[in-house]
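Scroll down for the structure; my scribbles are underneath it.
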Amino acid sequence: MYMQVRLTLTLVTAIVVAGCQTIGPGSIQRDRLDYASAIGDSWKEQALLNIVKLRYFDTPVFLDVASVISSYTLQGQVDVAARIFPNSPTDTFRNLGASGLYTDRPTISYAPLTGEKFVNNLLRPIPPQAIFAMMQAGHQADYIFYAAVRAINDVYNYSGSPSRARREDPAFPRVVGALRRIQQAGALGMRVEKRDGTEMTLIFFRENASEDVAKDIASLKETLGIANDSKEILLGFGSLRHSDREITLLTRSMMEMLVEFSAGIEVPQQHLLEGRARAAPETVAQASPGEATLARIRSGSEPPRDAYVAVRYRNYWFWIDDRD
C-alpha cells in the first residue's frame, strides 16, 4: 500500500509539473505564434470579403484587433489516505485523491474602423512619398504602380473601376517597365529635406549607371516630360506637373484599390443575371494581356482545395488560388 501511495503521488506531481510547463515560458512560443497566425489569417479573410462585398453593392466593414490579453491559472491539490496499520482495531483509513483547476481567460478587444480613422486609412489617397519609399524598401515598382497609382505626369493607368473604367495610356507600361529596371539596377534614389521650412521629397537617378540603365532613365525622362539635365526631381501629388523638373503621382486610396481588386472576381453567372452583383466594365473584357486585373478571385459552390485565402458569401465560396 505504501508503494501505491508513492506511485500515486509521483503521478499527480508529474501531471501538475507538466501543466505548469504549458503555462510558463513554454506558452510564449506557442501562443504568440498561434495568435499572430490567427490574426493574420483573419485580416486576409476580412480583406477578401470586403473586396467581394464591393462587387455586390454591399457595405464593407473593417474591424481591427485592438489588443489580445491572455491569462492562465493552474491550481492543484492532492489528498492522500491509506490504511497505515492494517491490523489496528482503530480506524486507520485515509482517503487518496487529487484535484486540479486550469483556467484560460483570453481577452480580445476589437475596434471598428470609423470616423476620422476610416477617412485617413481608407479614403485618402496614398502619399506619393509612400509609393517611392516602398520601392526603396524593395517592393516591385511595376506592381506598386499598377495597384496604387492612377497616373504619373498625366500618363494614365488602366482601371477596372466602374466609375473610372478606362484603358491604359500606351506610355504607361513603358514608364513602369523603365522604373522597374532602374529599381533593379539600384539606380533610383529618394531623399526628404526641408527648404524654406517646407518638407520636400526629391527623386534622383544614379549618374554612373550602365548603358542600358542610362537609356531607361533617358526614355523615362522623355516620356514624362522631364528635363534631361535635371539632377533632382521634385515629387508631388496630382496629375499635372508644374515644371519640367517634377514628377507628380495621382495615387489611389485603399478603398479605390479594393474596388480595382474587385474587378477580378469571377462572379457566378446566376448572380449577374439576377442583378445581385455588378457586371465588370467593358475595359475588363477588352483588356490586353498587359492590362490584366490586379488579382484573379475565383468562385464556386464547393470550398477550394488549395487556396491562399477563401471566404464564403451568399452561399458561394470566393478565393485566391495559392499558386496564383
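Annotations
- Residue check, residue 22 surrounded by 11 or more Cβ atoms within 10 Å (Cβ to Cβ) and either under 30 Å from residue 260 (Cα atoms) or modelled with pLDDT under 55 (or both): no
- Pairs where the first residue, in segment 163-184, is touching a residue at least 60 places away in the same chain (Cβ under 8 Å) and the second is surrounded by fewer than 17 Cβ atoms within 10 Å (Cβ to Cβ), C-beta under 8 Å, 6+ apart: 165/282; 167/286; 168/290; 173/290
- The numbered conditions (1) open to solvent by 70 Å² or more (accessible area, probe 1.4 Å); (2) modelled with pLDDT under 80 are all true for residue 88 except (1).
- The single condition from (1) part of a loop (DSSP other than H, G, I, E, B); (2) free of Cβ contacts under 8 Å to residues at least 40 places away in the same chain; (3) among the basic types (Lys, Arg) that residue 276 fails is (2).
Per-residue answers, yes or no, for (1) over 21 Å from residue 295 (Cβ atoms); (2) open to solvent by 50 Å² or more (accessible area, probe 1.4 Å); (3) within 24 Å of the chain's Cα centre (by Cα):
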site	(1), (2), (3)
106	yes, yes, no
125	no, yes, yes
135	no, no, yes
152	yes, no, no
158	no, no, yes
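- In a residue-by-residue description of segment 191-203, the property of being in a loop (DSSP other than H, G, I, E, B) and either under 27 Å from the mean Cα position of the chain (by Cα) or more than 15 Å from residue 247 (Cβ to Cβ) (or both) applies to at least one position.
- Qualifying residue in segment 224-245 (condition: within 16 Å of residue 165 (Cβ to Cβ) and among the basic types (Lys, Arg)): no
- Selection status of residue 207, free of Cβ contacts under 8 Å to residues at least 60 places away in the same chain and outside any loop (DSSP other than H, G, I, E, B): no
- Subset of segment 210-241 [of a type in the set (D, E, K, R), open to solvent by 70 Å² or more (accessible area, probe 1.4 Å) and in a loop (DSSP other than H, G, I, E, B)]: 229, 231, 241
- Going through (1) at pLDDT 70 or above; (2) in a helix (DSSP H, G or I); (3) more than 17 Å from the chain's Cα centre (by Cα) one by one, residue 37 falls short only on (3).
- Of the residues making up segment 262-297, those that are open to solvent by 40 Å² or more (accessible area, probe 1.4 Å) and at pLDDT 85 or above are 266, 269, 270, 272, 273, 274, 275, 276, 279, 296.
The values are calculated or read from the model by the stated rules, or taken from the named source; none is laboratory data. Since the model is a prediction, treat every value here as computed from it, not as a measurement. Using ideal geometry, Cβ is built from the backbone for each residue, glycine included, and neighbour counts are taken over all protein chains shown. Please note that ligands, DNA and RNA were not included when accessible areas were found on the heavy atoms of the full protein model with its side chains. Shrake-Rupley method; radii C 1.70, N 1.55, O 1.52, S 1.80 Å.
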